[in-house]
Amino acid sequence: MQGKQVLNETLFVYNLSIETFVPENHIVGKPVFIWFSVENFNDGIKNWKIRWDRLFTTVGGQGERTSYFYPFLAFVALWQGIAWYRKKKKASA
């Protein structure tokens, strides 16, 4: 099998920005949080559909998943508001 590489183990995407694949036996612990989720991952980025109901949700545990999407948006809005206020205050000083 010259020129071919066969992988017999499951690989997981560790970091989407650089497409690092990690063997399953290198993963320690268990997942706790889903920060981003898409459908049709292997069909190319143009065919991705964001799974809005899974963004910023917990994994496992008891009962329903808990979503922290709206608190996250509130935090980002607050952060941007503070940054805007500080910039405006600094410019007027």
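The values are calculated or read from the model by the stated rules, or taken from the named source; none is laboratory data. In this text, all values refer to a predicted model and were calculated from it rather than measured experimentally. Don't worry about glycine lacking a Cβ; one is built from the backbone with ideal geometry, like all the others, and counts go over all protein chains shown.
Here are the numbers for this structure:
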quantity	calculated
Verdict on residue 27 being β-branched (Val, Ile, Thr), at pLDDT 85 or above and surrounded by 10 or more Cβ atoms within 10 Å (Cβ to Cβ)	no
Residues that are out of contact with any helix residue (DSSP H, G or I) (no Cβ under 6 Å at 6 or more places or on another chain) and surrounded by 10 or more Cβ atoms within 10 Å (Cβ to Cβ), drawn from the range 34-51	35, 36, 38, 39, 41, 43, 47, 48, 49, 50, 51
Filtered residue count, the range 57-93, keeping only those that are at pLDDT 85 or above, of a type in the set (A, V, I, L, M) and farther than 24 Å from residue 37 by Cβ	4
